[in-house]
Structures are given as structure tokens and as C-alpha cells.
1. For the pair Arg192 and Gln85, what calculated FRET efficiency results from E = 1/(1 + (r/R0)^6), where r is the Cβ-Cβ distance and R0 = 30 Å, to the nearest 0.05?
2. By how many nm would the segment from Asp236 to Glu145 grow when fully extended, if each residue of separation counts as 0.36 nm and the alpha-carbon distance is taken off?
3. Arrange the residues Thr201, Thr131 by how much accessible surface each exposes, largest first, with a 1.4 angstrom probe.
4. Taking a temperature of 4 °C and a viscosity of 1.567 mPa s, what whole-number D in µm²/s does Stokes-Einstein yield for the chain with Rh from Kirkwood over alpha carbon pairs?
5. Glu203's amide H: which non-local residues (gap 5+, or another chain) put their own amide H closer than 5 Å, with H modeled 1.01 Å from N in plane and none for Pro or chain starts?
6. Take every DSSP beta bridge whose two residues both sit in the chain, then give the antiparallel share in percent to the nearest 5.
7. Suppose accessible area is computed on protein heavy atoms with a 1.4 Å probe; arrange Phe175, Phe215 from highest to lowest.
8. For Asp48, what is the net charge nearby, where nearby means another residue's Cβ is under 11 Å from its Cβ and Lys, Arg count +1, Asp, Glu -1?
Amino acid sequence: MKRPRNIVILTGAGISAESGIDTFRGGGGLWEQHRVEDVATPEAFASDPDLVLRFYDMRREAIQTRQPNPAHLALARLDREWPKQAGGEVLIVTQNVDDLHERGGALNVLHMHGEHLTAWCTACDRRHRWTGPLIHRPPCPSCSEPALRPDIVWFGEIPYRMDEIYEALSAADLFVSIGTSGAVYPAAGLVRTARDLGLRTLELNLERSQGSAWFHETRLGPASEVVPAWVDDLLD
Ligand code: NAD
């Protein structure tokens, strides 16, 4: 295989599973005992805001006690060393709303589904770093309105920064998907875009994803093993 130059990496909940953060589809259709539509849609927030805020308060608190695992650390190493070694760029596009890529040391991370540690004011549209709870309706630090919500892209909402993602794909040679089930669009469609653009495509996952047939190559195993092994192959 020709050595790639620019690499776009899509990560999903599977890369954080071994850090102790539940994946989405692991528990028989329930996400921490809740149906997805009860906690992760704008309709749920409109009809039962307390339930939704409490759910995200719990998750925000939990992720701060979790640590990056060897897969996050390996991607951070690739992100730092690839430009020096190959003169190319690495972009990590994550569906995850945890901050484990950043805490692992990665620099080029794009959160297409938002972030747990940010609150978004629906009154003034500003975003603020937020580590505490939202259930008590704290005032927005910018406009003082009690209108903060989790800065999470819920089902039915439009993911962030899609233009930047497509731009990065059109300048890349390799697309790698790690720990994602391929069930949530438009993220799940990025592999097809990558194929249309002529990129090489690689999947690293515990089991084959729904879009597995679109990948030139699939390597199966836990992220903490297959990701460092792939990064070692690439950097050596
Ligand atoms: P998903 O839960 O639908 O799929 C998880 C995938 O990870 C599966 O393909 C599974 O086989 C794989 N997996 C599980 N354990 C693994 C391991 N140890 N190593 C490698 N792969 C492993 O997740 P998704 O495709 O990312 O979609 C879920 C949505 O929910 C995303 O949009 C995301 O925003 C959100 N979410 C985020 C987090 C987080 O931030 N950590 C956690 C749960 C859900």
C-alpha cells in the first residue's frame, strides 16, 4: 500500500469503552437504563427537561473520573509525530462527547456531536466550558439567562462542522474508522464519501460495523490493542 499523507480518523464510543464509558448500543437497546429517545432528542428535552439534564449531569460527572486508554494515547502520538515524519496531517473526527482524545494529548480533534464539558446558552447562543451540573438552571455567564443546555448534538439535530470534515476528506489519502457501529448518520456515511473520493479505507473495531463492506481492510479487536498496533505499523 502506498504510504498515505493526510489521514482522517473517525472515532466512536468503542474507543472509550475500555476507559469505562458505556457505548451506546451495548445494553440491549438501552443507554444506561434509558431509551435513547427519552434522553437524547430535542423532543425529550422539551417534554422532560429535568430527566435529560440529570442524565447529562451524571455523564458529565462520570467522564471526568475516566482516563484515556492506550488507543487514545496512540492516536495522540500519531497526531504529534505524523507531520514530522510524513509531512502530512491527521484530523481526529470524533462522535464522542468525552474529552479523552484531548486528555490523551491529541491536538487536532473535531467534536462533530458536541462535548459534555461545554454548555450552550439557548438565549444568547454562546458556549462555555462547563464541568458542574445544569439541573439547577445556573445563569449563563454571558447573558445571565437560566437557558443553558448540554452542548450535545441530539438525534434529529445537525452535526457540527460538516464542511470542515468534507474538506479534510477531500485532501486526505486514508480514512480510518475506530470503534463505531456505523448506525448514526451522517458519520456512518463518511466511509462512502471517502470511497467516492478515492481514499483508502480501514476499519478498526471489536466487531464488523454496519458499513463494513465499504472498507478496504478491517482489523478486529479491542481498541486498546488494535489502535496502538496500527499506529506502530504506520510510524515505524
Ligand atoms: P455505538 O455504541 O453505536 O457503537 C460502539 C461500537 O464500538 C460498536 O461497533 C462496538 O463493536 C465497538 N466497540 C465496543 N467496545 C469496543 C472496544 N473495546 N474496542 C473497539 N471497539 C469497541 O457508538 P457510535 O457508533 O459512536 O454511536 C453512538 C453515538 O452516541 C455517538 O453519536 C456518540 O455521540 C454517542 N456516545 C458517545 C459516547 C462517548 O462520548 N464516549 C459514549 C456513548 C455514546
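The values are calculated or read from the model by the stated rules, or taken from the named source; none is laboratory data. Treat the numbers as computed from the prediction; the structure is a model and nothing was measured. Here the Cβ is made from the backbone with ideal geometry for all residues, glycine too, and neighbour counts use every protein chain on show. For accessibility, only protein heavy atoms count, side chains too; no ligands or nucleic acids. Shrake-Rupley method; radii C 1.70, N 1.55, O 1.52, S 1.80 Å.
1. Between Gln85 and Arg192 the formula returns 0.55.
2. 27.5 nm
3. The most accessible residue leads, giving Thr131, Thr201.
4. 70 µm²/s
5. Here Ser177, Glu217, Thr218, Arg219 satisfy the definition.
6. Antiparallel bridges make up about 35 percent of those DSSP assigns within the chain.
7. Most to least solvent-accessible, the answer reads Phe215, Phe175.
8. Result for the local shell: -2.
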